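Every number here is computed from the coordinates shown, using simple stated rules; none is lab data. This structure is a prediction, so every number in the text was calculated from the model and none was measured. Neighbour counts run over all protein chains shown; Cβ positions are idealised from the backbone, glycine included.
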């Protein structure tokens, strides 16, 4: 009886620790000073706590779900292509070949251009980041997190 209780307690603690790690990732961002007719660089960050990684945008594995970043804004505001950083090749026990992954705080950049004829006083860019967080032994279900970047237009 005591053995079953200890096994159940250990399993519960292990699941709790893994669950906290799986939900501890965050997405944040910044949009610099926006001037009509000029491109402004925006940056979005995916932060992965120690012990976790996410597959890069090009993970080098047909089974690994890549990280994707999509940015949109109101009509007329041009959002440029996202620049994905290079990941790091890591070898895991579950894969015969290295997988390209992101670890720690990862920055994704893109340009936002507000036209000269823009009538508003502020601009809003919605950014969606889709990724799959993993440990060296297990991958969690893919997540999608959204952040909204706001800036005054000059």
Gain on full stretching of the segment that runs from residue 137 to residue 75 - 0.36 nm per residue minus C-alpha separation: 17.9 nm
Nearest-ten-degree value, helix 2-23 long axis tilted from longest Cα axis of the chain: 10
GNM result for the chain, Cα springs below 10 Å: residue of 138, 129, 34 fluctuating most strongly: 138
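Any idea what the relative contact order of the chain is, in percent, if you count C-alpha pairs under 8 Å spaced at least 6 apart?
On the way: 328 pairs, mean separation 45.8, N = 154.
Worked out over the chain, it gives 30 percent.
Could you work out the relative contact order of segment 101-154? I mean the mean sequence separation of Cα pairs under 8 Å and 6+ apart, divided by the number of residues, in percent. Numbers along the way, then the final one.
Working: 51 pairs, mean separation 19.5, N = 54.
Result for segment 101-154 is 36 percent.
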Estimated FRET transfer efficiency (residue 83, residue 36; beta-carbon r; R0 30 Å; 0.05): 0.80
Fluctuation leader among 69, 77, 106 - the chain, Gaussian network, Cα springs under 10 angstrom: 77
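Take 147, 114, 74 and order them by how many other Cβ atoms sit within 10 Å, fewest up front.
With the sparsest Cβ surroundings first, the list reads 74, 147, 114.
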Which labelled figure in [x] 129; [y] 121; [z] 148 is volume of the Cα convex hull per residue in Å³, once derived from the coordinates: [y]
Theoretical gain in end-to-end length, residue 154 to residue 62 [0.36 nm per residue, Cα-Cα removed]: 28.6 nm
Sorted by Cβ density within 10 Å, fewest first, the residues 86, 70: 86, 70
